[in-house]
Amino acid sequence: MPTPAVLALVGALAFAAPVPAAPPAAVARTPEEASLLATDARQRDAVAKIDLKAIGAISHPNLRVNAPNNRILTREDLIRMVGSGEIRNEVFERTPEQVVITGDVGVVMGHEVVFPGAASEQARMYGAKTLNRRYTNIYLRGEDGVWRHLARHANVIPN
């Protein structure tokens, strides 16, 4: 016969919320979508590697970021903050889940897992812990056919 502790544990597990599976990563259906997803990956790599030149090159002059630090950043703010360490992640993983292109506008949506650097704004706001985020990146294709990062929204998912 099960003990009361075992019965309580089984009962609690029966009502526990299931852990949602991570959505599958977006798969490009066209060369155009593949190009956009590659640009999104380069944008993440540039921030992760603190490559200010690459961030500047991929960013549209009118870039705006609705950042998880509760501020709206310009292209110049983003470059300055990555350079200073205010935006820094020891871990920065991104999984695009959806990609859509309408004309010369491309949208990539998905989730990110980051562990903020010790001196970053996110570490001061949320502490030294792994953060799960939702993100949307918007790109504009120029006359040269190159995607430029035009806008971003990222938010931390509460635990």
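Key figures for this structure:
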| item | result |
| --- | --- |
| Residue identified as part of a helix (DSSP H, G or I) and either modelled with pLDDT of 95 or more or crowded, with 19+ Cβ neighbours inside 10 Å (or both) among Met81, Met125 | Met81 |
| The stretch 93-122, residues that are part of a loop (DSSP other than H, G, I, E, B) and at pLDDT 95 or above | Gly103, Asp104 |
| Residue within the stretch 101-121 that is touching a helix residue (DSSP H, G or I) at 6+ places or on another chain (Cβ under 7 Å), farther than 17 Å from Val47 by Cα and not basic (Lys, Arg) present | yes |
| The lone exception for Glu90 - which of (1) in contact (Cβ under 8 Å) with a residue 12 or more places away in the chain; (2) surrounded by 15 or more Cβ atoms within 10 Å (Cβ to Cβ); (3) part of a strand (DSSP E or B) it fails | (2) |
| Where a residue in the stretch 35-47 is without any contact (Cβ under 8 Å) to a residue 24 or more places away in the chain and more than 9 Å from Trp147 (Cβ to Cβ) and its partner, wherever it lies, is in a helix (DSSP H, G or I) and not aliphatic (A, V, I, L, M), with Cβ under 9 Å and at least six apart | Ala46/Lys53; Ala46/Gly56 |
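The values are calculated or read from the model by the stated rules, or taken from the named source; none is laboratory data. Given the structure is predicted, the values throughout are model-derived calculations rather than measurements. Positions of Cβ are generated from backbone atoms using ideal geometry, with glycine treated the same way; all protein chains shown enter the neighbour counts.
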